[in-house]
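First up is the structure itself, then whatever we jot down about it.
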Amino acid sequence: QVQLVESGGGLVQPGGSLRLSCIASGTIFSIYAMDWYRQVPGKQRELVASISSGRRTVYANSVKGRFTISRDNVKNTVYLQMNSLQPEDTAVYYCHTRNGGMDYWGKGTLTTVSS
């Protein structure tokens, strides 16, 4: 069973930085794409960033130039470095992967950007 566990969220002031981590287990981590999504109450979950097995990356327009997704296949971990955070980045951030036709999600980690 694939399990994803996020960490690293918290409260940060506008302009600050945070690094989210997601540790995966129960999967051959290195061969699957990994994604970060975020969701604000009352809104749809949206894709923030994605990294393929070959480390090709894709970003939402709203985070390009501020967020960086990366992966460590030895540690089975995907990261999201978030810089120049703004109040509109406040959300629950979820780790996601699709293995064998199934979608797997972590429980999420809350990031709040506020002064």
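Here the Karplus curve 6.51 cos²θ - 1.76 cosθ + 1.60, taken at θ = phi - 60°, turns the phi angles of the range 101-115 into couplings of x, 10, 8, 10, 10, x, 7, x, 9, 7, 10, 10, 10, 7, 8 Hz, with x standing for Gly and Pro.
What fraction, in whole percent, of alpha-carbon pairs in the chain exceed 23 Å separation?
Tail of P(r) above 23 Å: 22 percent of Cα pairs.
With the convex hull of the Cα atoms taken as the outline of the range 72-115, the averaged projected area works out to 4.3 nm². Annotation: amide H-H contacts under 5 Å for Ser53 (H modelled 1.01 Å from N, sequence separation of 5 or more, or interchain): Ala33. As a length-normalised measure over Cα pairs under 8 Å and 6 or more apart, the relative contact order of the chain settles at 37 percent. Length gained on full extension, Ser115 to Glu46, computed as 0.36 nm times the residue gap minus the Cα-Cα distance: 22.4 nm. With springs only between Cα atoms under 10 Å apart, run a GNM on the chain and tell me which of Asn73, Asn99, Asn61 wobbles the most. Looking only at Asn73, Asn99, Asn61, the biggest GNM fluctuation is shown by Asn61. Could you tell me the distance between the Cα centroids of the range 1-34 and the range 72-115, to the nearest Å? Going from one Cα centre to the other spans 5 Å.
Every number here is computed from the coordinates shown, using simple stated rules; none is lab data. As the structure is a prediction and not an experimental result, all values here were calculated from the model.
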